[in-house]
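Enquirer: Pasting in a structure now, in structure tokens, and then I'll have a few things to ask.
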Amino acid sequence: MIFSLLRKPEPRRPAKPLERMHEVGGRTLPLRIVENARARRLTLRIDAGGQGLRVTVPPGIPAREVDRFIDRHQGWLEARIAKVPDKPQIRPGVKIPVRGVPHLIVHEADRRGSVTVAEVDGVPALIVHGERAHLARRVADFLKREAKKDIEALVAKHTAAVGRTAKAIRFKDTTSRWGSCTSDGSLSFSWRIMMARPTVIDYLVAHEVAHLKEMNHGPKFWALCRELCPRTDEARAWLKKNGAALQAIRFG
């Protein structure tokens with residue numbers, strides 16, 4: 001009698017993401033094609049700030065089918081990309097929002113220091129001191145300091161309400177998301193959120209703190225989020241409409 005030992009087939013490894021450039025709305029953007037074993041259909045998204053494109057596909061989808069999918073949505077892409085500013089640069093004379101209020105950027109090279117909030121001819125302004133070459137970085141550093149001050153206070157408020165503790169609070173310049181919460185309770189936020197309205201900042205913090213108790217986006221999570229921030233729906237709509245413009249601003 002002959003016995004044969006059948007080896008259990010190894011699970012298929014997901015294909016490595018493919019990257020290429022794609023022309024849309026007069027811009028050349030990086031396009032990333034990612035295979036996901038849990039995906040049941042092809043999905044297309046534009047990265048925050050219009051900095052790139054991402055297609056998520058189920059395993060084994062032929063490249064020609066992915067190309068046809070992208071072609072079918074070319075009009076949608078062009079319409080969305082047209083609404084995203086083409087990387088406006090921080091410089092003297094432009095305005096950027098701080099907590100939702102436009103502030104004129106004024107450069108005063110003859111003074112030492114960083115950034116002072118003031119009024120110029122009745123207009124809210126950020127007076128940026130020091131060399132012109134460091135202006136954009138100084139404005140970014142100012143927003144980071146403001147984010148740390150506001151968001152740490154909001155985290156303390158909302159964690160007390162849910163009876164949880166944040167392990168750590170970090171600030172980053174992310175392009176794919178505004179905030180995150182890890183399974184061990186570490187919270188991360190994009191400091192760019194300081195350009196949004198106070199209600200939007202409050203919503204973002206409430207959203208991530210709610211994940212300390214509900215690590216999902218189910219009904220219980222959203223109920224808790226709205227309990228912490230009653231204007232959750234309004235803030236989500238604002239961020240969806242205006243978030244890409246904030247992400248597109250260049251600070252360097």
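The values are calculated or read from the model by the stated rules, or taken from the named source; none is laboratory data. Note that the coordinates shown come from a computational prediction; the quantities given were computed from them, not determined experimentally. Note: ideal-geometry Cβ built from the backbone for every residue, glycine included; neighbour counts use all protein chains shown. Keep in mind that these areas ignore ligands, DNA and RNA; they rest on the heavy atoms of the full protein, side chains included. Shrake-Rupley method; radii C 1.70, N 1.55, O 1.52, S 1.80 Å.
Enquirer: Could we say that T199 is closer than 25 Å to L53 by Cα and either surrounded by fewer than 17 Cβ atoms within 10 Å (Cβ to Cβ) or hydroxyl-bearing (S, T, Y) (or both) here?
Expert: no
Enquirer: On to the next question. Here is a list: R27, R38, R111, R72. Which entry is in contact with a strand residue (DSSP E or B) (Cβ under 7 Å, 6 or more places away or on another chain) and on the phi < 0 side of the Ramachandran plot? Let's see the steps before the verdict.
Expert: On the way: R27 fails: in contact with a strand residue (DSSP E or B) (Cβ under 7 Å, 6 or more places away or on another chain); R38 fails: in contact with a strand residue (DSSP E or B) (Cβ under 7 Å, 6 or more places away or on another chain); R72 fails: in contact with a strand residue (DSSP E or B) (Cβ under 7 Å, 6 or more places away or on another chain).
Selected residue: R111, the only one of R27, R38, R111, R72 that is in contact with a strand residue (DSSP E or B) (Cβ under 7 Å, 6 or more places away or on another chain) and on the phi < 0 side of the Ramachandran plot.
Enquirer: Please verify whether segment 98-115 includes one or more residues that are within 19 Å of the chain's Cα centre (by Cα) and open to solvent by less than 30 Å² (accessible area, probe 1.4 Å).
Expert: First, the residues of segment 98-115 that are within 19 Å of the chain's Cα centre (by Cα): 98-100.
Add one more test, that the residue is open to solvent by less than 30 Å² (accessible area, probe 1.4 Å), and what stays is 98.
Among the residues of segment 98-115, at least one is within 19 Å of the chain's Cα centre (by Cα) and open to solvent by less than 30 Å² (accessible area, probe 1.4 Å), which makes the answer yes.
Enquirer: Scan segment 223-252 and report the pairs whose first residue is touching a residue at least 24 places away in the same chain (Cβ under 8 Å) and closer than 16 Å to R192 by Cα and whose second residue is of a type in the set (F, W, Y) and surrounded by 20 or more Cβ atoms within 10 Å (Cβ to Cβ), with Cβ atoms within less than 6 Å and a gap of 6+ or a chain change.
Expert: Partner pairs satisfying both residue conditions: A235/Y203.
Enquirer: Looking at (1) among the aliphatic types (A, V, I, L, M); (2) in a helix (DSSP H, G or I); (3) at pLDDT 95 or above; (4) crowded, with 18+ Cβ neighbours inside 10 Å, which one does L187 not meet, given that it meets all the others?
Expert: With respect to (1) among the aliphatic types (A, V, I, L, M); (2) in a helix (DSSP H, G or I); (3) at pLDDT 95 or above; (4) crowded, with 18+ Cβ neighbours inside 10 Å, L187 is out only on (2).
This table checks each residue for (1) open to solvent by 40 Å² or more (accessible area, probe 1.4 Å); (2) among the basic types (K, R); (3) not in a helix (DSSP H, G or I).
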{"position": "L126", "(1), (2), (3)": "no, no, yes"}
{"position": "H134", "(1), (2), (3)": "yes, no, no"}
{"position": "R145", "(1), (2), (3)": "yes, yes, no"}
{"position": "E152", "(1), (2), (3)": "yes, no, no"}
{"position": "K157", "(1), (2), (3)": "yes, yes, no"}
{"position": "R164", "(1), (2), (3)": "yes, yes, yes"}
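Here is a yes/no grid of residues against (1) open to solvent by less than 70 Å² (accessible area, probe 1.4 Å); (2) at pLDDT 85 or above; (3) assigned to a loop (DSSP other than H, G, I, E, B); (4) not acidic (D, E):
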site	(1), (2), (3), (4)
H22	yes, yes, no, yes
L29	yes, no, no, yes
A39	yes, yes, yes, yes
L44	yes, yes, no, yes
V55	yes, yes, no, yes
G60	yes, yes, yes, yes
R64	no, yes, no, yes
F69	yes, yes, no, yes
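Enquirer: Can you say whether V200 is over 26 Å from L104 (Cα atoms) and at pLDDT 95 or above, as far as the supplied structure shows?
Expert: When the stated conditions are applied, V200 does not pass them.
Enquirer: Residue under question is R250, and the condition is that it be within 30 Å of R112 (Cβ to Cβ) and either in contact with a Pro (Cβ under 7 Å, 6 or more places away or on another chain) or open to solvent by 50 Å² or more (accessible area, probe 1.4 Å) (or both); does it hold? If you could, list the steps in order and put the result at the bottom.
Expert: Numbers: within 30 Å of R112 (Cβ to Cβ): yes; either in contact with a Pro (Cβ under 7 Å, 6 or more places away or on another chain) or open to solvent by 50 Å² or more (accessible area, probe 1.4 Å) (or both): yes.
So R250 fits the description; yes.
Enquirer: Does at least one position in segment 83-91 carry a residue that is more than 17 Å from A245 (Cα to Cα), out of contact with any Pro (no Cβ under 7 Å at 6 or more places or on another chain) and either of a type in the set (D, E, K, R) or open to solvent by 40 Å² or more (accessible area, probe 1.4 Å) (or both)?
Expert: Here is the first cut: in segment 83-91, the residues more than 17 Å from A245 (Cα to Cα) are none.
No, every residue in segment 83-91 fails to be more than 17 Å from A245 (Cα to Cα), out of contact with any Pro (no Cβ under 7 Å at 6 or more places or on another chain) and either of a type in the set (D, E, K, R) or open to solvent by 40 Å² or more (accessible area, probe 1.4 Å) (or both).
Enquirer: Within segment 219-234, is even one residue at pLDDT 95 or above, of a type in the set (A, V, I, L, M), farther than 28 Å from Q89 by Cα and in contact with a helix residue (DSSP H, G or I) (Cβ under 7 Å, 6 or more places away or on another chain)? Steps first, answer last, please.
Expert: Going through segment 219-234, the residues at pLDDT 95 or above turn out to be 219-234.
In the following step, the residues that additionally are of a type in the set (A, V, I, L, M) were identified as 223-224, 228.
After this cut, where a residue has to be farther than 28 Å from Q89 by Cα as well, the list is 223-224, 228.
Within this subset, residues satisfying the condition of being in contact with a helix residue (DSSP H, G or I) (Cβ under 7 Å, 6 or more places away or on another chain) are 224, 228.
There is at least one residue in segment 219-234 that is at pLDDT 95 or above, of a type in the set (A, V, I, L, M), farther than 28 Å from Q89 by Cα and in contact with a helix residue (DSSP H, G or I) (Cβ under 7 Å, 6 or more places away or on another chain).
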